[in-house]
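S.K.: Would you mind keeping the following structure in view while I ask a few things?
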Amino acid sequence: MQAQARSISVRRDEMSMKLRLMWLGFATMLLVLAQTLAAHARGESLAPLAEQISPAVVNITTSTLLEGQTGPQGIVPEGSPFEDFFREFQDRNGGDDENRPRRSNALGSGFVISEDGFIVTNNHVIAEADEILIEFFPGDGQPAKELVAKVIGTDEKTDIALLKVEASGPLKYVQFGDSDTARVGDWVIAMGNPLGQGFSVSAGIVSARNRALSGSYDDYIQTDAAINRGNSGGPLFNMDGQVIGVNTAILSPNGGSIGIGFSMASNVVIKVVDQLREFGETRRGWLGVRIQDVTEDMAEAMGLDKPGGALISDVPDGPAKDAGLLAGDVIISFDGVEVEDTRGLVRQVGETTVGKSVRVVVHRDGGTQTVLVTLGRREDAERAEEGEEETPEAVEEENKDILGLTISPLTDTLREDMGLDADASGLVVTNVDEASEAFSKGLRAGDLITEAGQQKVTSIDDLEARMDEAREAGRKSLLLLVRRGGEPRFVALSLQE
């Protein structure tokens, strides 16, 4: 019995030892895991990455000659009896020197994209500059060097400029990355010359994607990495040292960074830079239509399953008209890509090669049609449109109240007053009820209604007939084509009044 008890005790000791070893191993594993998590929480230093990409980032100083003022402007009003007195006072105190032409300097940032000296920055950094100096990062303890740059080309729409310097040897440069792969929450680094303080690095994350500020081709990455005045034109890097954006603007009530900065996405910049490098200017595709987004009530009025696409409101002379596209068509596909809205279509058309023939799928008369369009060049069309005068508005009262609108047939007198062509037709809006849906959707006195239900209207009877047809078809809204100052747009008004 004693031997058996001794054996049981030994087995218990062995089991206890195994359990202690297991717990010790488990505790060790937890400790290693905790240390690993703590290391990740602290984050690795960005110093190696900053050292790698800094030599390609540059400071930009521009110089502009300003003409001097020719009198005591800003001191007394022109023609004042004290004007001669203050002019004599200025002359006695060196006023002649103040009135001479002087130079104004401005600061910005940029980055080198090739070893032979091509540099990208913002257009607003170098606009109207007489001289552009590029200061390079002082690496390996060497002082910074300066080179004079020339402008290769600029694009105001994306605020991008391409510069070139002539260096004695190959320059350090950085490459563009794919901005479409950047995710909200990814780490980024902004580099540049904030407030003229010289080369500076700030870090943050991608706060948002696909931001639009004011232009047709906007595609901004929003970041909380500190961006201040002087950072304009500098690069926004991902953690692989690739440029995914060009720092362009900040949202701020005081002019300083509050963590809302915007960088033009690299996938937009690459296309612009390639064209500036090849042609010295941009060459964007041009479809030749005026378009607007399709709202839910518009979609219902046209018999579409859901809102989407780009509604053509007018087809002036150009590629679209030559190909047979019509006002009232809804573009649902362009060159094999689904069209979500007008912004997407404008960007896609602009990025398509001039002269390319593309298939455009439209919704028309309850079905779909495919039209082959050969694109023109937007810049040529814009130059042709320069100097065109807008048609003046006119208001004249008459006739009948419909859908919150007081409308009148278009007479010769109204045509003359509104500056319309002799063959212009439609119904003139002479008043709009401010409590009506029409007013809330932007209709105003002086507007010209040319179509209802995607059919021309020349009389009030025509309009009422289109309303009856829409009700009989079970539609809740009527689609109107309205022109103001020659500019057309579609508006859907409810028939349930």
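The values are calculated or read from the model by the stated rules, or taken from the named source; none is laboratory data. Everything quoted here is computed from the prediction, not taken from an experiment. Cβ: placed from backbone, ideal geometry, glycine included. Neighbour counts: every protein chain shown.
S.K.: Scan region 275-295 for residues that are without any contact (Cβ under 8 Å) to a residue 12 or more places away in the chain and part of a strand (DSSP E or B) and report the count.
M.R.: So the answer is 0.
S.K.: For residue 466, state whether it is without any contact (Cβ under 8 Å) to a residue 40 or more places away in the chain, within 24 Å of residue 307 (Cβ to Cβ) and not assigned by TED's automatic domain parsing to the domain that holds residue 291. Break it down stepwise before answering.
M.R.: Working: without any contact (Cβ under 8 Å) to a residue 40 or more places away in the chain: yes; within 24 Å of residue 307 (Cβ to Cβ): yes; not assigned by TED's automatic domain parsing to the domain that holds residue 291: yes.
Against the criterion (without any contact (Cβ under 8 Å) to a residue 40 or more places away in the chain, within 24 Å of residue 307 (Cβ to Cβ) and not assigned by TED's automatic domain parsing to the domain that holds residue 291), residue 466 qualifies.
S.K.: Any residue that is surrounded by fewer than 19 Cβ atoms within 10 Å (Cβ to Cβ) and in a helix (DSSP H, G or I) - is there at least one of those in region 168-176?
M.R.: So far as region 168-176 goes, no, none of its residues is surrounded by fewer than 19 Cβ atoms within 10 Å (Cβ to Cβ) and in a helix (DSSP H, G or I).
S.K.: Which count do you get for residues in region 240-274 that are without any contact (Cβ under 8 Å) to a residue 24 or more places away in the chain and more than 23 Å from residue 213 (Cα to Cα)?
M.R.: Initially, region 240-274 is screened for residues without any contact (Cβ under 8 Å) to a residue 24 or more places away in the chain, giving 250-254, 258, 274.
Among the residues that remain, those that are also more than 23 Å from residue 213 (Cα to Cα) are: 274.
Within region 240-274, residues that are without any contact (Cβ under 8 Å) to a residue 24 or more places away in the chain and more than 23 Å from residue 213 (Cα to Cα) number 1.
S.K.: Tell me, yes or no, whether region 186-207 has at least one residue that is more than 12 Å from the chain's Cα centre (by Cα), acidic (Asp, Glu) and assigned to a loop (DSSP other than H, G, I, E, B). Walk me through it before giving the result.
M.R.: So in region 186-207, the residues more than 12 Å from the chain's Cα centre (by Cα) come out as 186-207.
From what's left, acidic (Asp, Glu): 186.
Then keep just the ones that are assigned to a loop (DSSP other than H, G, I, E, B); that gives 186.
Yes: region 186-207 contains one or more residues that are more than 12 Å from the chain's Cα centre (by Cα), acidic (Asp, Glu) and assigned to a loop (DSSP other than H, G, I, E, B).
S.K.: Condition first: touching a helix residue (DSSP H, G or I) at 6+ places or on another chain (Cβ under 6 Å) and among the polar types (S, T, N, Q). Now tell me which residues in region 269-291 satisfy that.
M.R.: Answer for region 269-291, where residues must be touching a helix residue (DSSP H, G or I) at 6+ places or on another chain (Cβ under 6 Å) and among the polar types (S, T, N, Q): just 282.
S.K.: I've got another one for you. Restricting the search to region 413-450, which residues are among the hydrophobic types (A, V, I, L, M, F, W, C), surrounded by fewer than 15 Cβ atoms within 10 Å (Cβ to Cβ) and at pLDDT below 85?
M.R.: 422
S.K.: Determine whether residue 232 is among the polar types (S, T, N, Q), more than 21 Å from residue 50 (Cα to Cα) and within 20 Å of the chain's Cα centre (by Cα). Quick ask: steps written out before the conclusion?
M.R.: On the way: among the polar types (S, T, N, Q): yes; more than 21 Å from residue 50 (Cα to Cα): no; within 20 Å of the chain's Cα centre (by Cα): yes.
Against the criterion (among the polar types (S, T, N, Q), more than 21 Å from residue 50 (Cα to Cα) and within 20 Å of the chain's Cα centre (by Cα)), residue 232 does not qualify.
S.K.: Continuing with the same structure: Pick from 264, 239, 298: which is buried (at least 21 other Cβ atoms within 10 Å of the Cβ) and of a type outside the set (Asp, Glu)? Step through it out loud before you land on a result.
M.R.: Working: 239 fails: buried (at least 21 other Cβ atoms within 10 Å of the Cβ); 298 fails: buried (at least 21 other Cβ atoms within 10 Å of the Cβ).
Of 264, 239, 298, the one residue that is buried (at least 21 other Cβ atoms within 10 Å of the Cβ) and of a type outside the set (Asp, Glu) is 264.
S.K.: Does residue 471 meet the test of being more than 15 Å from residue 406 (Cα to Cα) and assigned by TED's automatic domain parsing to the domain that holds residue 404? Quick ask: steps written out before the conclusion?
M.R.: Details: more than 15 Å from residue 406 (Cα to Cα): yes; assigned by TED's automatic domain parsing to the domain that holds residue 404: yes.
It is true that residue 471 is more than 15 Å from residue 406 (Cα to Cα) and assigned by TED's automatic domain parsing to the domain that holds residue 404.
S.K.: Look at residue 202 and say whether it is on the phi < 0 side of the Ramachandran plot, touching a residue at least 24 places away in the same chain (Cβ under 8 Å) and touching a helix residue (DSSP H, G or I) at 6+ places or on another chain (Cβ under 6 Å).
M.R.: Numbers: on the phi < 0 side of the Ramachandran plot: yes; touching a residue at least 24 places away in the same chain (Cβ under 8 Å): yes; touching a helix residue (DSSP H, G or I) at 6+ places or on another chain (Cβ under 6 Å): no.
Judged against the criteria, residue 202 is not a match.
S.K.: Within region 308-326, track down each residue that is closer than 21 Å to residue 216 by Cα and either touching a residue at least 40 places away in the same chain (Cβ under 8 Å) or surrounded by 16 or more Cβ atoms within 10 Å (Cβ to Cβ) (or both).
M.R.: Correct list: 308, 309, 310, 311, 312, 313, 314, 315, 318, 319, 320.
S.K.: For region 216-225, state whether one or more residues are surrounded by fewer than 15 Cβ atoms within 10 Å (Cβ to Cβ) and either of a type in the set (A, V, I, L, M, F, W, C) or at pLDDT below 95 (or both). Lay out the reasoning, then the answer.
M.R.: Taking region 216-225 and keeping what is surrounded by fewer than 15 Cβ atoms within 10 Å (Cβ to Cβ), we get none.
Scanning region 216-225, I find no residue that is surrounded by fewer than 15 Cβ atoms within 10 Å (Cβ to Cβ) and either of a type in the set (A, V, I, L, M, F, W, C) or at pLDDT below 95 (or both), so the answer is no.
S.K.: So is residue 327 closer than 21 Å to residue 483 by Cα and over 24 Å from the mean Cα position of the chain (by Cα) or not? Don't jump to the end; show me each part of the working.
M.R.: Working: closer than 21 Å to residue 483 by Cα: yes; over 24 Å from the mean Cα position of the chain (by Cα): yes.
Spelling it out, residue 327 is indeed closer than 21 Å to residue 483 by Cα and over 24 Å from the mean Cα position of the chain (by Cα).
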